[in-house]
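I have placed the structure first, in the form of C-alpha cells, so that the comments after it can refer back to it.
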Amino acid sequence: MTDPTIEVVKPSTMREALRILARPSPRALPLGGGTHLALHPAAAKVLVDLSGLALAGIRVKGGRCEAGAMTTLAQIASSSRLPAALRTAVRRETNRNLRQQATLGGALAVREPGPLLACLLALGAEVALEPEKVGEGLDRWLRRKVTGRRSVQLITGVSWDSKPSLACADVARSPMDRPIVFAAAAAMVEGGRLSSVRVVLTGAGQPLVPQMKAARILEGASAVDIGDRMMAAAGMLAVDWVDDIRGTAEYRAAVAPVLVRRALAQLLSAGA
Ligand SMILES: Cc1cc2nc3c(=O)[nH]c(=O)nc-3n(C[C@H](O)[C@H](O)[C@H](O)COP(=O)(O)OP(=O)(O)OC[C@H]3O[C@@H](n4cnc5c(N)ncnc54)[C@H](O)[C@@H]3O)c2cc1C
C-alpha cells in the first residue's frame, strides 16, 4: 500500500523553496491557495507553501503592472490599481469563497482557460519564473506542454505594460454565470484610432485563443469604420468552439464577432 501522507513545508526564503522543489525525491510541488490541489491531489509527497515568500501584492512601477504569484483572485478583483475590466473578469472566473483562496500563480500553473487568462493574454503579460529568473510571454507559457516529472518552475508573478487599455464583453446564461463566450481586447487609443490591438476569445470549457489575424485587420480602426473593419475581421476569428450545455459551437461562432466589436467600441469610447 502506498503512503498517502503529504508533508507541507513553509520556507521563509526563495532559495530554500527552490532547493526543496529541485530535489528529485521526495517529489515536491508549490502550494498556492490549495483549491485545485485539494480536488486534484498531485503525485507529490511534499507541498511547498509559498505564503512565507512575500509573493503577494500588486504594484505599478516604471510603466508596468506587476502582480505577485500569491496574490489571490479576490485581491485582484478589489485592486483599484488594476484595469476595471480585469477586476470584473476575475469575478466571472469563480465564486467569492474560492476567490479568497485561489492565487494568481495557481491559476497560471493550472492553465484553465477563462476570463482571467484571456485578459492577461490580451494585455501581453509576461510570467516571471524561478529558478531561471526569466520572464516568459504568457502565450508561450500557455502553449508549453506540462510534462510528467520534469523539474518544477516556480511562478513568482506576472507583469504587463500598463499603457494599453483593456475591455471585455461576454454572453452568459445569467449576469454572474461563467461566460458562454468571452472576448478580451487591449489596445492603445491615439487620435481616436486603435493601435497595438490584441484580441483573445474564450469561454467556460472552451479553448483560449489569441486572434492575431483579426487584430491586424483591426489595427488603426476608429469609431467611424469599426463596423466595416469588424466585418472584415469576423472571418479571421478562429476558435475550435465546443458544443456544451451552455450553447452550441455554431452559436459561439456567431456571437464572437459581436462581442469583439463591443469590446473594441468600449476602448474607442473610453479613449475619445
Ligand atoms: C470547484 C472549483 C472550480 C474552479 N473553477 C475555476 C475556474 O473556472 N477558473 C479559475 O480560474 N479558477 C477556478 N477555480 C480555482 C482554481 O482552482 C484555480 O485554478 C486556482 O487559481 C488555483 O489556485 P490555487 O492557488 O488554489 O492553486 P493550488 O491548488 O495551490 O495549486 C494548483 C497547481 O498550481 C501549482 N502552483 C501553485 N502556485 C504555483 C506557483 N507560484 N508556481 C508554480 N506552480 C504553482 C501547484 O503546484 C498545483 O499544481 C476553481 C476551484 C474549484 C475548487
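Any read-out appearing in this document is the output of simple, stated calculations on the displayed coordinates, not a laboratory observation. Just so it is clear, the structure is predicted and the values come from calculations on it, not from any experiment. Virtual Cβ from ideal backbone geometry, glycine too; neighbours counted across all protein chains shown.
Residue order for 230, 188, fewest other beta carbons within 10 angstrom first, comes to 188, 230.
Computed from label points 7 Å out along Cα-Cβ, the spacing between residue 242 and residue 39 is 1.4 nm. If you take the Cα centroid of region 96-136 and the Cα centroid of region 156-179, the two points sit 13 Å apart. Our coupling estimate for region 23-29, obtained by passing each phi through the Karplus curve with A = 6.51, B = -1.76, C = 1.60 and θ = phi - 60°, is 5, x, 7, x, 4, 10, 9 Hz, Gly and Pro reported as x. Ranked by how many other Cβ atoms sit within 10 Å of their own Cβ, fewest first, the residues 177, 228 fall in the order 228, 177. Which net charge results when you count Lys and Arg as +1 and Asp and Glu as -1 among the other residues whose beta-carbon is under 10 Å from that of residue 185? Taking every Cβ under 10 Å from that of residue 185, the sum is +3. The slack between residue 212 and residue 196, meaning 0.36 nm per residue of separation minus the straight C-alpha distance, is 4.7 nm. Per-residue ellipticity at 222 nm from helix content only, as computed over the chain with -39500 (n - 2.57) for each DSSP H run of at least four residues, stands at -9500 deg cm²/dmol. Between the residues 18, 47, 36, the greatest Cα displacement towards the positive end of the dipole of region 7-51, with unit charges on the Cβ of Lys, Arg, Asp and Glu, is found for 18. For residue 25 and residue 78, the FRET efficiency from 1/(1 + (r/R0)^6), where r spans their Cβ atoms and R0 equals 30 Å, is about 0.15.
With 0.36 nm allotted per residue and the present C-alpha distance subtracted, the residue 64-residue 225 stretch has 54.9 nm of extension available.
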